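To start, the structure itself, in structure tokens.
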Amino acid sequence: MKNALLIGGTGFLGSALACRLASADFALTLPTRRRERAKHLTVLPTASVIEADVHDPATLARLMAGQDLVVSLVGILKGDFQRTHVELPGKIARAAAAANVPRLIHISALAAAPDAPSEYLQSKAAGEAAVKAAYPQATIFQPSVIFGRGDSFLTLFASLLELAPLVPLACPEARFQPVWVEDVVSAIVASLDHPESQGQTYPLCGPRVYTLRELVAYTGWLSGHPRPIIGLPLALSYLQAFVMEWLPNGPMTRDNVRSMQVPNVCPQGCTLPFGLAATPLEAVAPGYLAKQ
Ligand SMILES: NC(=O)c1ccc[n+]([C@@H]2O[C@H](COP(=O)([O-])OP(=O)(O)OC[C@H]3O[C@@H](n4cnc5c(N)ncnc54)[C@H](OP(=O)(O)O)[C@@H]3O)[C@@H](O)[C@H]2O)c1
């Protein structure tokens, strides 16, 4: 049995990865800020969910001991991007290198670039650089927006559509190439059998490009709440996001609007590496969004 440490492994993608690795006979360590929130993973027979401050270098050093694989998955859509997307991946990579961990995988985001229009995408690029500086052989994945049961993307649209009689939609023409969570997991797991993936960066996308308007309309149709969609111009998109920033769980920020100014689609039309076939959205979304 091999050992894997998943940092950020209690979230949407991390939970799917944890299930797959547990069934592939990995013993998992899953640090979390609140064990209560990661209860769903405590049932995995080979997983140990522990409360730990992964920002603390001494804690990280302790967690790295004896690991065969470390996956760095922590990500946020708002908050302290510098600490979470740049400093933390750098600390993880330095700790993994110091402990001679043989494989490090880091999850970034599609369209991450130092000159990207949003702090989210800029910080993701800086995080990649921090990882590479400390651990050049790390494998980096850059997923487009990820869908699947428990996502905070189509599921969020579905709950908003249920409540709203019509949808004033920011950035309706923003483009995405959504990728299924299980395909992202498959790419991560497949990379372990591809030594040439060390030191490489892979975009991960689904088979089709959609506008945001198309995705919201499809979700409305599937969930039984089709609503008129009113596309907002850019200035009103920023205004809507500004108002939402004041709500406790506001679904959008101005930084998210800035992220949507660049297409979230794969360069050169690629989808998945290692010969994997990308699963269409239409084959999966009805399973968790369709009206019963
Ligand atoms: N979901 C997408 O559509 C998408 C698209 C592109 C890239 N990504 C990237 O994929 C990765 C996983 O995304 P996800 O959707 O699974 O995210 P998620 O469901 O929000 O999970 C986030 C994880 O990060 C941990 N975390 C959050 N803030 C933290 C902090 N300040 N300190 C320590 N841990 C913290 C959480 O742990 P606890 O709450 O248990 O402590 C949780 O395990 C992220 O890097 C994200 O940027 C996601």
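The values are calculated or read from the model by the stated rules, or taken from the named source; none is laboratory data. If you're wondering where the values come from, they're calculated on a predicted model, not measured in any experiment. Cβ atoms come from the backbone with ideal geometry, glycine included; neighbour counts cover every protein chain shown.
At-a-glance table
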read-out	value
Given (1) β-branched (Val, Ile, Thr); (2) without any contact (Cβ under 8 Å) to a residue 40 or more places away in the chain; (3) within 25 Å of Gly269 (Cα to Cα), number of the condition Thr139 does not satisfy	(2)
Of the criteria (1) within 8 Å of the ligand (Cβ to nearest atom); (2) of a type in the set (A, V, I, L, M); (3) in a loop (DSSP other than H, G, I, E, B); (4) at pLDDT below 95, which one Val74 fails	(4)
Which listed residue is more than 12 Å from the ligand (Cβ to nearest atom), outside any loop (DSSP other than H, G, I, E, B) and surrounded by 16 or more Cβ atoms within 10 Å (Cβ to Cβ), from Leu6, Leu13, Leu44, Leu28	Leu28
Any hit, the range 136-146, residues being away from the ligand (no atom under 15 Å from the Cβ) and assigned to a loop (DSSP other than H, G, I, E, B)	yes
Entirely in the range 207-288, the helices (runs of 4 or more DSSP H) that have 2 or more residues that are more than 19 Å from Ile76 (Cβ to Cβ), without any contact (Cβ under 8 Å) to a residue 24 or more places away in the chain and among the aliphatic types (A, V, I, L, M)	234-244
Filtered residue count, the range 47-71, keeping only those that are near the ligand (Cβ under 9 Å from one of its atoms) and of a type in the set (Lys, Arg)	0
Pick from the range 73-107, criterion basic (Lys, Arg) and within 14 Å of Ala133 (Cβ to Cβ), ranking: surrounded by the fewest Cβ atoms within 10 Å (Cβ to Cβ)	Arg94
Selection count where residues are surrounded by 15 or more Cβ atoms within 10 Å (Cβ to Cβ) and within 17 Å of Arg33 (Cβ to Cβ), scope the range 60-72	3
